Structure formats: structure tokens, C-alpha cells
Amino acid sequence: MSTKEKASETDEAPAKGGKKKLMLIVLVVVLAAAGAAYFFLFSGSSSAAAAPVPGEVLKVDPIAVNLAGGGYLKIGVTLQLTEAGSTGGHSGKGPDGSKATDLIISTFSQASPADVSGARDALKAALEEKIIHAYEGDVMGIYYNEYVTQ
């Protein structure tokens, strides 16, 4: 063989390998784009359907709680029920505020007066999480309607 024939054979070999790599890269990009499109199109619709619908509100009677470091807190809470919770929810009968009252006492009786004054939002978030869990999804939020410390 002459040197010209050898040179033309070696030039063609890298060109074929380059096309295979390019096709493989294009295939991976197309599959990744299809997977991302599937995730965004089908996962977004199910999360929108799972959002709770607000229902009635249940006002819990205000109570006075002795604080850990002395003093007391008079607190009143209103529960924002879901639509399912308004109609009886998981228990099959109307909502009851006794679980919320118990959780209010246990949450705030461990708090100091400084916490009640300074970390009000953090205590509310912790209480809200406990109440939502205790009512098994029948409650979607809480509101303070009375909050007095001394």
C-alpha cells in the first residue's frame, strides 16, 4: 500500500467514531429532556389537586397557661379547618377543640416569658405543626385571636 492509501484510511476511522459519539450525546440529551418534561408536566398537576380546600373555622375557648419561668399567658386560637374537616373529617363527627387545647397547654407551659414575647412566631409554627398532625389533616392552619402575657 502506498502512503496516500494509509493516510485516507486513518482519516476515515476518526470521522466514523466522531459520528457515533455525537449520536450518543444527542440521544442522552433527548432522553434527559423527555424525562424533565414528564416530571414537570405530570408531577405539577397532582400537587395542585392535593392542596386542601379551606372550610369552616373553629374558635377554641381562650385559656390561661402558667409559663415555666413564672408569669402566665392567656391565649385564644382559631383553627382553620379543611373542607373535609368541616363535614366531620376522619372522625365522622364534628370537630372538637379539646386536642388543640391540650397541645396549647403542653407547648406553652414549657416556654419561658422571654420565649413567649420574643419567639412568638416560632412557637406558633411549632403549635400549628402539632395541631395539624393531631387532627390528621382536618386542620390546615391556626390563627391567634387572643395573646396576652403577664
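The values are calculated or read from the model by the stated rules, or taken from the named source; none is laboratory data. Because the structure is a prediction, the values reported are computed rather than measured. FYI the Cβ positions are ideal-geometry reconstructions off the backbone, even for glycines, and counts take in every protein chain you see.
General remarks:
- Tallying residues that are closer than 13 Å to residue 133 by Cβ and at pLDDT 85 or above within the stretch 88-101 yields 2.
- Annotation note: of 30, 65, the sole residue that is at pLDDT 75 or above and not assigned by TED's automatic domain parsing to the domain that holds residue 145 is 30.
- Single match in 85, 70 (criterion: modelled with pLDDT under 90 and assigned to a loop (DSSP other than H, G, I, E, B)): 70
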